[in-house]
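The values are calculated or read from the model by the stated rules, or taken from the named source; none is laboratory data. As the structure is a computational prediction, the values presented were derived from the model and not from experiment. Glycine also receives a Cβ, built like all others from the backbone with ideal geometry; neighbour counts cover every protein chain displayed.
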Number of protein chains: 2
Amino acid sequence: MYKHSYASRIQNHTNPAARLLLEIMERKQSNLAVSVDVTKAQDFLAIIDAVGPYVCMIKTHVDVIEDFEPSLVRTLQALSAKYDFCIFEDRKFADIGNTVALQYASGVYKIAEWSHLTNAHPVPGPSVVTGLKSVGLQRGRGLLLLAEMSTAGALTTGSYTEDAVKMARANRDFVVGFIAQRRMESVGASKTDDTTGEDFLILTPGVGLDVKGDGMGQQYRTPREVVVGAGCDVIIVGRGVYGTDYSLTAKIAGQAKRYQDEGWKAYLERLTA
Amino acid sequence: MYKHSYASRIQNHTNPAARLLLEIMERKQSNLAVSVDVTKAQDFLAIIDAVGPYVCMIKTHVDVIEDFEPSLVRTLQALSAKYDFCIFEDRKFADIGNTVALQYASGVYKIAEWSHLTNAHPVPGPSVVTGLKSVGLQRGRGLLLLAEMSTAGALTTGSYTEDAVKMARANRDFVVGFIAQRRMESVGASKTDDTTGEDFLILTPGVGLDVKGDGMGQQYRTPREVVVGAGCDVIIVGRGVYGTDYSLTAKIAGQAKRYQDEGWKAYLERLTA
């Protein structure tokens, strides 16, 4: 059982985004991230305004918002400050170093300017980390690598996962953890690697209390399975919190509170088990 | 040696985007795709206008263009019609089915509305194909899977590549080929799979005549190595064609002609070897 508290782990991280996330989790008593995957800016902001008090993090896909404007990012940043949550643009960068550096810094979205954390697939090899780090490190941003996925038939298994952890281990100042289904400390380590005190943040999608799948390959586990059973740090929940009618903000807030409580209860159970 | 001509292979494909690409290759005598990775719309259009006569395809990363406007897409489509080339948005989709469907159809870019071909990493498992197909098939679009990458340390090896080909084989109406470094017919086939007449388009990045790498993990081969040696169909060239001064349009056109000639010469050598 993984027994380290969020508070005690702050000292294990030099990356400002990782430290901020752990600090927020501790002071808000929340390990809940809400994934806001809607296509209208108004719905996007309404959901964030409803769930803000209960989350340590908002996960975004800005590239699905049809009426995106740069001002939306400023509003998101204001909500981040008001409610005290990290922003995680779930971009899943997966190109060569030169291209991901442009995609991260440039374009319409300029993700590096506003997203505390983003993520990348390790599949292109170490250059994907090098490219993103060349943009993000100086801005105090952090990167998560996709070591595992929660979809049926995902190819993130065996040596693929081990190689992801090796890439992270070689870039501890920038790669702060993983999208994964279990803890990753010591995974893929060689006999000469000193993994004492190794500490990766584990963010876990595919969490739900009421359903088991989305009909498009996504598979769900409960907060307790993820936090107690698998030792993960942050539970990522989407539709389970906000459903399909985004005008029901009181109901959405209630669901966020419910997931926050379930996630934190599971964390306390793990600490005291 | 892979001896089938582009013209003879049209009949092997039902997908409209695959057929269009093969038709263009044959009538323009070009297997050259130019990858236009610049951050200003003016440069983007100037390069395409210069290389248009020599290419079968323009490969885009629209999300690196800082002053993107929907009108840019309409101009790109007009150039596609004027010069007779396919558009391939190199998006490298790599998320769960529900998310990639939104990213493909929605957002600022609405890629499915204008890009004949796009691509995806197989890493999330079959749902990434299902999600994209639910949007693209009805629009006559085609998908390429990233079976291999040209970067140092890429994880696209062994069973990963085989699983990519299996996903394509299960979706022949929509998955028309691969980003890869070699031919993929019969790869990963089981004894019960009938791979007679299997025909995948192979598009190959990392092609250059003058340099060997970009300092960020990208590795280059010559058109002859790629087309004759490895049997690939389309060579993808970026900086090798347009360099760093985008105002030198005559020089850029000259380089595109040079790569077109080298690529087609290699193709004829393969056919007659």
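Checking each residue in the stretch A:55-72 for being within 9 Å of chain B (Cβ to nearest Cβ) and either surrounded by 17 or more Cβ atoms within 10 Å (Cβ to Cβ) or within 14 Å of A:Ala112 (Cα to Cα) (or both) picks out A:His61, A:Val62, A:Asp63, A:Val64, A:Ile65, A:Phe68.
So which of B:Ile24, B:Ile87, B:Ile10, B:Ile65 ends up being closer than 23 Å to B:Gly136 by Cβ and in contact with a His (Cβ under 7 Å, 6 or more places away or on another chain)?
Unique residue meeting the criteria: B:Ile87.
Take B:Met184 and decide whether it is within 30 Å of B:Gly136 (Cβ to Cβ) and in a loop (DSSP other than H, G, I, E, B). Can you show your working first?
Details: within 30 Å of B:Gly136 (Cβ to Cβ): yes; in a loop (DSSP other than H, G, I, E, B): yes.
It is true that B:Met184 is within 30 Å of B:Gly136 (Cβ to Cβ) and in a loop (DSSP other than H, G, I, E, B).
Conditions (1) polar (S, T, N, Q); (2) crowded, with 20+ Cβ neighbours inside 10 Å; (3) closer than 25 Å to A:Gly229 by Cβ; (4) at pLDDT 95 or above, marked per residue:
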| site | (1), (2), (3), (4) |
| --- | --- |
| A:Ala152 | no, no, yes, no |
| A:Thr156 | yes, yes, yes, yes |
| A:Tyr160 | no, yes, yes, yes |
| A:Ala164 | no, yes, yes, yes |
| A:Met167 | no, yes, no, yes |
| A:Asn171 | yes, no, no, yes |
| A:Gln181 | yes, yes, yes, yes |
| A:Met184 | no, yes, yes, yes |
| A:Lys191 | no, no, no, no |
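Across the stretch A:19-36, not a single residue is classified as assigned to a helix (DSSP H, G or I) and more than 30 Å from A:Arg169 (Cβ to Cβ).
If you check B:Gly206 against the conditions, is it surrounded by fewer than 24 Cβ atoms within 10 Å (Cβ to Cβ), at pLDDT below 95 and under 30 Å from B:Val241 (Cα atoms)? First the steps, then the outcome.
Details: surrounded by fewer than 24 Cβ atoms within 10 Å (Cβ to Cβ): yes; at pLDDT below 95: yes; under 30 Å from B:Val241 (Cα atoms): yes.
Here the answer is yes, as B:Gly206 does meet what is asked.
Evaluate the stretch A:35-51: report whether one residue or more is among the hydrophobic types (A, V, I, L, M, F, W, C), within 21 Å of A:Asp199 (Cβ to Cβ) and surrounded by fewer than 24 Cβ atoms within 10 Å (Cβ to Cβ). No, because not a single residue in the stretch A:35-51 is among the hydrophobic types (A, V, I, L, M, F, W, C), within 21 Å of A:Asp199 (Cβ to Cβ) and surrounded by fewer than 24 Cβ atoms within 10 Å (Cβ to Cβ). Among residues of the stretch B:194-218 that are on the phi < 0 side of the Ramachandran plot, those with a beta-carbon under 8 Å from a residue that is of a type in the set (Lys, Arg) and part of a loop (DSSP other than H, G, I, E, B) at least six positions away or on a different chain give the pairs B:Phe200/B:Arg183; B:Ile202/B:Arg182; B:Ile202/B:Arg183.
Only one of (1) buried (at least 23 other Cβ atoms within 10 Å of the Cβ); (2) of a type in the set (S, T, N, Q); (3) part of a loop (DSSP other than H, G, I, E, B) is not met by A:Ser247, so which one is it? Checking A:Ser247 against (1) buried (at least 23 other Cβ atoms within 10 Å of the Cβ); (2) of a type in the set (S, T, N, Q); (3) part of a loop (DSSP other than H, G, I, E, B), the one that fails is (1). Among what's in the stretch B:170-179 and is out of contact with any strand residue (DSSP E or B) (no Cβ under 8 Å at 6 or more places or on another chain) and away from chain A (no Cβ under 14 Å), pick the residue that is farthest from B:Asn15 (Cα to Cα). Only one residue fits best here, namely B:Arg172. Picking from residues in the stretch B:37-54 that are over 18 Å from the mean Cα position of the chain (by Cα) and free of Cβ contacts under 8 Å to residues at least 60 places away in the same chain, the one that is nearest to the other protein chains (Cβ to nearest Cβ) is B:Thr39.
For first residues located in the stretch A:106-119 and free of Cβ contacts under 8 Å to residues at least 40 places away in the same chain, partners that are assigned to a loop (DSSP other than H, G, I, E, B) and of a type in the set (Phe, Trp, Tyr) and lie 6+ apart or on another chain with Cβ distances below 8 Å form the pairs A:Gly107/B:Phe68.
Does B:Arg74 meet the test of being assigned to a strand (DSSP E or B) and without any contact (Cβ under 8 Å) to a residue 40 or more places away in the chain? Lay out the reasoning, then the answer.
On the way: assigned to a strand (DSSP E or B): no; without any contact (Cβ under 8 Å) to a residue 40 or more places away in the chain: yes.
Against the criterion (assigned to a strand (DSSP E or B) and without any contact (Cβ under 8 Å) to a residue 40 or more places away in the chain), B:Arg74 does not qualify.
When A:Ala273 is tested against the conditions (1) touching a Cys at 6+ places or on another chain (Cβ under 7 Å); (2) in contact (Cβ under 8 Å) with a residue 40 or more places away in the chain; (3) within 15 Å of A:Tyr2 (Cα to Cα), the lone failure is (1). Residues in the stretch B:88-105 that are over 19 Å from A:Gly217 (Cα atoms) and free of Cβ contacts under 8 Å to residues at least 12 places away in the same chain: none. Note on the stretch A:94-152: residues that are more than 9 Å from chain B (Cβ to nearest Cβ) and part of a strand (DSSP E or B) amount to 8. Looking across the stretch A:75-91 at every residue that is closer than 17 Å to B:Val108 by Cβ and of a type outside the set (A, V, I, L, M), the one that is nearest to the other protein chains (Cβ to nearest Cβ) is identified as A:Asp90.
Checked against the criterion of being surrounded by 20 or more Cβ atoms within 10 Å (Cβ to Cβ), within 20 Å of the chain's Cα centre (by Cα), of a type outside the set (Phe, Trp, Tyr) and over 22 Å from A:Gly177 (Cβ atoms), the stretch A:256-269 has at least one qualifying residue.
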